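Each reported figure results from applying straightforward, stated rules to the coordinates on display, with no laboratory input. Please read these numbers as outputs of a predicted model, since none were measured by experiment. Using ideal geometry, Cβ is built from the backbone for each residue, glycine included, and neighbour counts are taken over all protein chains shown.
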Amino acid sequence: MTELALSGALATPTIGDALPRLSLIGLDRDQLGAALRPLGVPERQLRMRASQLWGWLYVRGATDFAVMTDIAKELRAELGRAFTLARPEIVSEQVSEDGTRKWLLRLPDGREIETVYIPEEDRGTLCISSQVGCTLTCTFCHTGTQKLVRNLTTGEIVGQIMLARDRVGDWPDGIAPDPRGLPVSDRKITNVVLMGMGEPLYNFDSVRDACAIVSDGEGLSISKRRITLSTSGVVPEIPRWGEEAGTMLAISLHAVRDALRNELVPINKKWPVKDLLAACRAYPGLSNAKRITFEYVMLKGVNDSIADAKALVKLLAKIPAKINLIPFNPWPGAPYECSDWEQIEKFAEVVNRAGYASPVRSPRGRDIMAACGQLKSASVKQRASERLSPSI
Ligand code: SAH
Ligand code: SF4
């Protein structure tokens, strides 16, 4: 197996084995071929076997080598000894009244991330993480306060989608254990957004390789038009992302003036609004049919004045854009409050009048706190209180 293949995989410790077995999730066709070679598969069969495996992994969602009936029994056994089909481990799964799901997931090294699924009638959006924590320190974001940071592997990124498809029954023979609130459409996960934990452009290669697997038409088959990468504004990586991955783009703008954006999104000190918008204007493929989404979190008395709203539409006037107003999700100790609903409506009216349709992202899954960083903090607190409670 090559270095490359190893870096994409999830390792699962196995009882009795000296070495942990690696999950094949996250490997592309070439890497699957490289994984098969040491198992004695003849060179001339490698491509065919790799493509069979690919189909079982990404078209059928197999979780057990035993179901791979077109692969010889001996090879299946070999595969089972060397590899797993493991997804990240579920620490907790919460299902909201409205069908929103939130998973806290544990990675092989014990680190935890979260993934959120938001169903609507005719579509389902999966929000995935790209890092454990985040090196950036946006002042309104709970992820930015977490100390431990590492990049997710390609396997850990693809694994979030595989796991979500397991849980919402989004495979050809899939059954959702809890069907509440799922879309009526054939496919349950139609869109993927990189809006969970982490700054995806600081994990460029793994996120790009994961997007290539996810968008492959003979696999998970979620087209690049339905994958959105959200960035806080890593300007030099934006054109490269457009060329190498070409997904839809969202920008965490949150402020129209550099002085305020420096405070809210500190990466702005390095790449100010002007440079960010120049990179947006030059984004490959940008058109009215392929707009950039600008995210704007509504912070009471900070960035929510009518003057801010007017400045926002003026700033974006010449860019094919969508605007998403996001009600601030408070977290314990957060230095902000969410804007009053009345103020959000007034702000939205200015934005609407400038020609942007229904820009407020309605809060979903409030009863399970499906907001950035909240589930993780809740679970940490719970464990702390478990530790504190006297043992019987
Ligand atoms: N790091 C990337 C992607 C992850 S954050 C980025 O910053 O774009 C995804 C979105 O959630 C961003 O727009 C971010 O600004 C927003 N967000 C973070 N914390 C939030 C909070 N407490 N309330 C509302 N939105 C928040
Ligand atoms: Fe990181 Fe995005 Fe949170 Fe900023 S908003 S700290 S970039 S995850």
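The distance between label points at Ile319 and Ala176 comes to 3.5 nm (points 7 Å beyond Cα on the Cα→Cβ vector).
Can you give the Kirkwood hydrodynamic radius of region 95-177 from its Cα pairs, in Å with one decimal? One decimal place: 14.0 Å for the Kirkwood radius. Taking Cα atoms, how many degrees apart are the long axis of helix 154-167 and the longest axis of the chain, rounded to 10 and kept between 0 and 90? Approximately 90 degrees, to the nearest 10.
Using the alpha-carbon centroid of each, what span in Å lies between region 88-129 and region 145-183? That distance is 6 Å. Hydrodynamic analysis of region 213-281 uses the Kirkwood radius over alpha carbon pairs. Inserted into Stokes-Einstein at 4 °C and 1.567 mPa s, it gives a translational diffusion coefficient of 99 µm²/s.
Here region 248-269 and region 303-355 have alpha carbon centers that stand 13 Å from each other. Highest mean packing first, where packing is the average number of other Cβ atoms within 10 Å per residue, the peptides 243-254, 54-65, 331-342 line up as 243-254, 54-65, 331-342. Calculated over region 131-204, the projected area of the Cα convex hull averaged across directions stands at 6.3 nm². Debye-formula intensities of the chain, expressed as log10 I(q)/I(0) at q = 0.09, 0.10, 0.14 Å⁻¹, are -0.56, -0.68, -1.26 (one equal scatterer per alpha-carbon, no solvent).
Can you give the angle from 0 to 90° between the axis of helix 341-353 and the longest principal axis of the chain, with both taken from C-alpha atoms, to the nearest 10? For 341-353 against the chain, the angle is about 90 degrees. Could you work out how much longer the chain between Met48 and Thr139 gets when fully extended? Use 0.36 nm per residue separation minus the Cα distance between them, nm to one decimal. That pair, Met48 and Thr139, stretches by 27.7 nm at full extension.
Need one number: the % of Cα-Cα pairs in region 11-84 sitting beyond the 21 Å mark. Result: 19 percent of Cα pairs exceed 21 Å. Listed by chain and number, the lysines placed with their C-alpha closer than 22 angstrom to that of Lys270 are Lys147; residues fewer than eight positions away on the same chain are left out.
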